[in-house]
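Taking it in order: structure first as structure tokens, then the write-up.
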Amino acid sequence: MKRSALIPVLLLTAGLAFALGWISKPSQENGGNGAEAGGSKSAGSASRSNRPAGAIRSSSDGKGGVKEFLSQYTSGGTISSEDMTAAIEQMRKENDPILRRKLFTELLENLTPENAQAAYVALQSGRRRGRGAGDDELRLMAHAWGRIDGPGAIKALTDMRAERDGEEGGRGRGRGGERGGIDLVSVLSGWATADGGAAANYVSGVEDEREKSMLSYGVVRGMMVNGVDEAMAYVSSLPQTEDGGRTQNWYMSTIASEMLEEGLDSAKAWVDTINDPNLRGGALSRVAESAVRDDLESAVEWVTQYAGDEAGQRAVNRVANEWAENDPQAVLTWADSLPDAAKAEAYGEAFEEWTRQDATAAGDFLTGMEPSAARDSAVEEFSTTLSREEPATAIQWAETISDVEMRTDALTQVARSWFYRDREAASQWIETSGLPQESVESITAERRGFEGRGGGGRPGGGGPRGR
């Protein structure tokens, strides 16, 4: 789905599976942590060294076990850095997942600016040794740290990442290079929940645009905990990016996903209240995606009212994409009633699916079309889809696209697919193609995981691209 692709620079954060919208407060039965602390720290240390892993269970429902667990590490109502490390180690040995989550939640509730780094390092170290510290726990720990000490958490994680990068020769991608970036997003989400303005100010000073986009996502997620208004105001305040506004659309899509939790009708009503076109597009397309799966006829009617707006074109794309899987010809009939830009979006999605189902019929239809933006969009999708089976024929179709930029993009994608399947034939065509050198280099670049000529699998360049 070419026009439904999100910006590649945010794919890393797109894979976060953010399970840290908020950290739930423990129930009353787990409260009173400080009052349960008793005995000296040295006595607690002695008991830890000899206690079996399951010894913390002192009652059938686990309440006593949690209190006993905390009492061994708490002194004066707090847990020191040293004892927090020991507590994390003991928690990670627990093989009862429900009890482990209770213990982890209590440790999060006892997190302080003084012991947070020790807790994070202990949890991360266990993960590296393959001892069961999952990504969710690390995200939650980083998020909780951000809530209580955003600036301190950012500095500590940044220093740790710099040290790790130095050890790895600056690559920053080994043992947690990307992990460190993900955890910074989690810290920002926690910081933004506690103090959105301060978190936003920090991100505004980040010079690297890729990192700034990633961290801004964390701010949006964190602000959403307190309601969508603050998050929307933040997205609205961001400067326009060079990607045609797709970064803001992605942030708004995230907010729309939160609104959908309140129900589809509520989300649609919310979208209808958004007057800023720079904000409406991402929200509209996300809600449209859910609406078309719920009630196609109603979704088509709702999205059609926005088809004349630039913000509505992505929503048309989403509806057409879902609808075309079952009836691409019906999508074309609908598209003919839409303004030109929206019509082109719908035609492209319809032809991508129709080509998969019946390339001959799709080609016959295209033969009778007059030059137009809709035809260009349709031929682009037709040719790039057809290239997986008949690249030489697909090249001939791509050459009929009127728009120069679109034609170059389509030829590059088709040739890349052809080069993967038949390097010799594709190379001969490239020599006389007249394509820019940049396109030629893109076509002939080595693909990770594939070498030269072969068959089977989907070529790296034959897939969808964003616009």
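Between Glu310, Glu297, Glu289, which is surrounded by fewer than 24 Cβ atoms within 10 Å (Cβ to Cβ), of a type in the set (Asp, Glu) and free of Cβ contacts under 8 Å to residues at least 12 places away in the same chain?
Glu297
Which of the helices (runs of 4 or more DSSP H) contained wholly in region 290-391 include at least 2 residues that are in contact with a Cys (Cβ under 6 Å, 6 or more places away or on another chain) and under 27 Å from Asn249 (Cβ atoms)?
none
With the requirement that a residue be of a type in the set (Val, Ile, Thr) and more than 14 Å from Val331 (Cβ to Cβ), what does region 348-372 give you?
Thr360, Thr367 - these are the residues of region 348-372 that are of a type in the set (Val, Ile, Thr) and more than 14 Å from Val331 (Cβ to Cβ).
Of the residues Gly174, Gly166, Gly170, only one is in the same structural domain as Asp229 (by TED's automatic domain parsing), part of a helix (DSSP H, G or I) and either at pLDDT 90 or above or loosely packed, with under 15 Cβ neighbours inside 10 Å (or both); which?
Only one candidate passes the filter, namely Gly166.
Could you tell me how many of the residues in region 182-204 are charged (D, E, K, R) and in a helix (DSSP H, G or I)?
Final tally of qualifying residues: 1.
Can you find a residue in region 334-349 that is touching a Gly at 6+ places or on another chain (Cβ under 6 Å) and surrounded by fewer than 23 Cβ atoms within 10 Å (Cβ to Cβ)?
Yes.
Only one residue in Ser266, Ser253 is within 19 Å of Ala231 (Cβ to Cβ), surrounded by fewer than 21 Cβ atoms within 10 Å (Cβ to Cβ) and touching a Gly at 6+ places or on another chain (Cβ under 8 Å). Which one?
On inspection, the qualifying residue turns out to be Ser253.
State yes or no: is Gly466 at pLDDT below 95 and at positive phi?
In short, no.
Exactly one of (1) over 22 Å from Ala324 (Cβ atoms); (2) free of Cβ contacts under 8 Å to residues at least 40 places away in the same chain is unmet by Val235. Its number?
Here Val235 clears every test but (2).
Every residue, every condition in (1) more than 18 Å from Gly152 (Cβ to Cβ); (2) touching a residue at least 40 places away in the same chain (Cβ under 8 Å), yes or no:
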{"residue": "Leu188", "(1), (2)": "no, yes"}
{"residue": "Met214", "(1), (2)": "yes, yes"}
{"residue": "Tyr217", "(1), (2)": "yes, yes"}
{"residue": "Pro239", "(1), (2)": "yes, no"}
{"residue": "Thr247", "(1), (2)": "yes, yes"}
{"residue": "Trp250", "(1), (2)": "yes, yes"}
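How about region 196-240: which of its residues are surrounded by fewer than 16 Cβ atoms within 10 Å (Cβ to Cβ) and under 16 Å from Gly146 (Cα atoms)?
Residues satisfying the conditions are Gly197, Ala198, Asn201, Asn226.
From the list Arg375, Arg407, Arg453, Arg388, which one is modelled with pLDDT under 95, within 26 Å of Gln329 (Cβ to Cβ) and either surrounded by fewer than 12 Cβ atoms within 10 Å (Cβ to Cβ) or not aliphatic (A, V, I, L, M) (or both)?
Arg388 is the lone residue from the list that is modelled with pLDDT under 95, within 26 Å of Gln329 (Cβ to Cβ) and either surrounded by fewer than 12 Cβ atoms within 10 Å (Cβ to Cβ) or not aliphatic (A, V, I, L, M) (or both).
The values are calculated or read from the model by the stated rules, or taken from the named source; none is laboratory data. Keep in mind the model is a prediction, meaning the values are calculated, not measured. Neighbour counts are summed over all protein chains in view; Cβ atoms, including those assigned to glycine, are modelled from backbone coordinates with ideal geometry.
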